[in-house]
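Engineer: Sharing a structure below in structure tokens format, with a few things to ask.
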Amino acid sequence: MLLGCLPGLLAVGALVLCARGAERAAARPDRPAAGARPPAGHRAARPRIVPRSAWLDRVTGHTQPPPRYDDKVVAVFLHHTDSPNDYACADAPRIIRGLYAGQTGARHWDDIGYNFLVDRCGTIYEGRAGGVDRPVTGAHSQGFNHRTAGIAALGTFTAGVPVPRAMTEAIAALAAWKLGLADIDPRGRARLVSSSGESRYRSGATATLPALAGHDAGFHTSCPGAALTARLPAIRERAAQLQGRPAATPSRKPVTTPPRKPAVTPPLKTHGPRTSPRPTAAPSTGVKAGGGPGRAEPTGGGRHGEQP
């Protein structure tokens, strides 16, 4: 008799255990699956970036101190190198090597100032050492080197000079990826603290600048040139698109450069060297296509240990 009831008793016990398990599952909050990651926000794919080893040879390279880092990158500054535009793209590594040699040789910097460089064919090169996916402190925008990345377009892009589409596409892709790591909209603005009174803002002042800005937004210069500056709105919009953000609406207020301070603005610089260099700021050096020194871009803070 008891043996005949065992199957029924076992079934009842199984039902009770199942019910208790369901109650416990309902009481627990949902947990992400093992290995699941939280939402990444508006991130873009990392573009192909040619490493430093492609342009820095053993003859030119030298021992340098460890790189410095910030907590994140919240803004990107766009530059031009103020060098000839008629180079063959295969010569870009040599041109970058010349930039490096000028900045670390005659200028005594610890490394090239720009975090990235882009040639006219759209090839992106790693610039300053420290890791392309890390917030490396650069030496490209005096007063605003912290929490920013510097992208240099190889060439001179003053008014009327054509800007290659491949170059602007690469700049947009790079900015989209780099700013996306911190979920920054390239069309938005960023709050940065000036570290130099030689910038457009006194040292210690908080400036609200475009998240994707030209060098002239923070420093007294014509860099990145009128032609490249005119392309900035389209580059910002393309970068936002690559991050998966909705297109700008007509009601969106366009990003513009904040008002200048004419009372304290010195004569406009076009990457020319300072007539009386100051010990706390060292300008970087451009190169001509032949590899010789070109006109210098004042950026400040290239030597290790300085606070640009």
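Engineer: Quick check, is A175 in a loop (DSSP other than H, G, I, E, B), touching a residue at least 24 places away in the same chain (Cβ under 8 Å), over 30 Å from V59 (Cβ atoms) and aliphatic (A, V, I, L, M)?
Structural biologist: In short, no.
Engineer: Going through region 107-142 one residue at a time, which ones are in contact with a Phe, Trp or Tyr (Cβ under 7 Å, 6 or more places away or on another chain), β-branched (V, I, T) and within 19 Å of P66 (Cβ to Cβ)?
Structural biologist: Scanning region 107-142 gives I112, V136, T137.
Engineer: Can you spot a residue in region 146-156 that is surrounded by 24 or more Cβ atoms within 10 Å (Cβ to Cβ), modelled with pLDDT of 95 or more and more than 22 Å from R238 (Cα to Cα)?
Structural biologist: Taking every residue of region 146-156 in turn, none turns out to be surrounded by 24 or more Cβ atoms within 10 Å (Cβ to Cβ), modelled with pLDDT of 95 or more and more than 22 Å from R238 (Cα to Cα).
Rundown of residues vs (1) touching a Leu at 6+ places or on another chain (Cβ under 7 Å); (2) within 30 Å of A247 (Cα to Cα), yes/no style:
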site	(1), (2)
R128	no, no
R134	no, yes
G143	no, no
P162	no, yes
A170	no, yes
G188	no, yes
L192	yes, yes
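Engineer: If A19 passes every condition in (1) surrounded by 15 or more Cβ atoms within 10 Å (Cβ to Cβ); (2) at pLDDT below 50; (3) of a type in the set (A, V, I, L, M) but one, which one does it miss?
Structural biologist: The failed condition is (1).
Engineer: Please report, ordered by residue number, the strands (runs of 3 or more DSSP E) entirely within region 178-232 with at least 2 residues that are surrounded by fewer than 24 Cβ atoms within 10 Å (Cβ to Cβ), in contact (Cβ under 8 Å) with a residue 12 or more places away in the chain and more than 17 Å from the chain's Cα centre (by Cα). Break it down into steps so the answer makes sense when it comes.
Structural biologist: Numbers: elements: 189-193, 206-210, 212-214.
Counting at least 2 such residues, we get 206-210.
Engineer: Here's a follow-up. Filter region 114-140 for residues that are touching a helix residue (DSSP H, G or I) at 6+ places or on another chain (Cβ under 6 Å) and assigned to a loop (DSSP other than H, G, I, E, B); which is surrounded by the most Cβ atoms within 10 Å (Cβ to Cβ)?
Structural biologist: D119
Engineer: Can you confirm whether region 76-95 contains a residue that is acidic (D, E), in a loop (DSSP other than H, G, I, E, B) and within 25 Å of P186 (Cα to Cα)?
Structural biologist: Yes: region 76-95 contains one or more residues that are acidic (D, E), in a loop (DSSP other than H, G, I, E, B) and within 25 Å of P186 (Cα to Cα).
Engineer: Give region 67-111 a look and list any residue that's in contact with a helix residue (DSSP H, G or I) (Cβ under 6 Å, 6 or more places away or on another chain) and on the phi > 0 side of the Ramachandran plot, or say none.
Structural biologist: none
The values are calculated or read from the model by the stated rules, or taken from the named source; none is laboratory data. Everything numeric here is computed off the predicted structure, so don't read it as measured data. Every residue, glycine among them, receives a Cβ derived from its backbone with ideal geometry; neighbour counts consider all protein chains shown.
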